[in-house]
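A.B. asks: Before anything else, here's the structure in question.
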Amino acid sequence: MLRCGKFLLSLERPLIMGIVNLTPDSFSGDGLAADTQRAIEHARRQIAAGADLIDLGAESSRPGAIPATRDEEIARLLPVLEALADCPVPISVDTYKPEVMRAALAQGAAMINDIFALRRPGALEAVAASDCAVCLMHMQGEPLTMQQHPEYADVVGEVRDFLAGRVAAAGAAGIARDRLVLDPGFGFGKTLDHNLALLARLDETTCAGLPVLAGMSRKSMLGAITGRPVGERLGASVAAALLAAARGARILRVHDVAETRDALSVWQAVAAARPA
Ligand code: PT1
């Protein structure tokens, strides 16, 4: 079970985390209110399509993305969290800034998804002060420069050791183990070969039986394999999610909830038909 604010999530079957981006649409020009409304509607559609959690992000962490300020992030997140306060699934907030974490948790966020794994000063304390779940993700470097020359002697071992260190830091800060999720961080300071090694050996990236979250949806690693642009990576994304589930991932972070749900349903139907 994963403790997640007022929710208690069963990890018996893989869960689907639907991505909702709140990064401003620079082409729309109709401002924050329109972005807010669009995000709320997107979250409701993701839930209707079968999302078990929503991951709300107000700052892009894609390679080379420009950071948002703390106040911009809070201003984008709070109205959406407020509108989703009564929603039936936990809302995760994708942020590494402690002030944003505190504001989001006060407004009902049930999970913090931190690409810096609570390494920013004050982040451990912000999460420890609540009962939210937290995703600790591995990243080599920082978003702006992480893809310039990723380098590892043993990517799987280094990711596992890093995550084990962050689990220890969370424990020392008073964050209970049943609140923790681990993530190898696909595409965060990794070449295609690094990402493939992590997927192939996903079961080796965890520590002490903690649940693993995998996020490969529409990422460039799938573009490198298929030769397809970001808008044409649905099939590859669903395949990657299913492969992660087959290697033990407990949470799948995806854009395409309905399609991922169907793939998991087929997988589970076959698994149920096999004699024990
Ligand atoms: C992730 C993740 C995330 N990914 C978690 N949070 C992103 N826990 C944002 C590319 O190569 O995997 N786990 N939050 C999005 N980041 C990327 C990274 C998007 C790489 C695209 C790429 O295309």
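A.B. asks: When a footprinting reagent is the concern and you count Cβ atoms within 10 Å, what order do Thr36, Thr145, Thr206 take, fewest first?
C.D. replies: Fewest-to-most ranking of Thr36, Thr145, Thr206: Thr145, Thr36, Thr206.
A.B. asks: Okay, moving on. Would you please name the GluC sites (Glu not before Pro) within segment 1-94 that are DSSP coil residues with at most 13 other C-beta atoms within 10 Å of their C-beta?
C.D. replies: Here the sparse-neighbourhood loop sites are Glu12.
A.B. asks: Distance between the C-alpha centers of segment 185-201 and segment 133-155? Whole Å please.
C.D. replies: 10 Å
A.B. asks: On to the next question. Rank these for me by crowding, Tyr96, Tyr152, going from fewest to most other beta carbons within 10 Å.
C.D. replies: Listing Tyr96, Tyr152 from fewest to most nearby Cβ atoms yields Tyr152, Tyr96.
A.B. asks: Here is a follow-up. Points 7 angstrom from Cα along the Cβ direction at Ala129 and Ala106: gap in nanometres?
C.D. replies: 0.8 nm
A.B. asks: In terms of the ratio Rg/(2.2 N^0.38 Å) built on C-alpha atoms, what value belongs to segment 160-216?
C.D. replies: In units of the globular-protein estimate, segment 160-216 measures up at 1.16.
A.B. asks: Measure off 7 Å from each Cα along the Cα-to-Cβ vector at Thr69 and Gln37, then give the distance between these two points in nanometres to one decimal.
C.D. replies: 2.7 nm
Each value in this text was obtained by applying a stated rule to the coordinates, not by laboratory testing. Because the structure is predicted, anything quoted here is derived from the model rather than measured. Methodologically, a virtual Cβ is constructed for each residue, glycine included, from the backbone with ideal geometry; neighbour enumeration extends over all protein chains shown.
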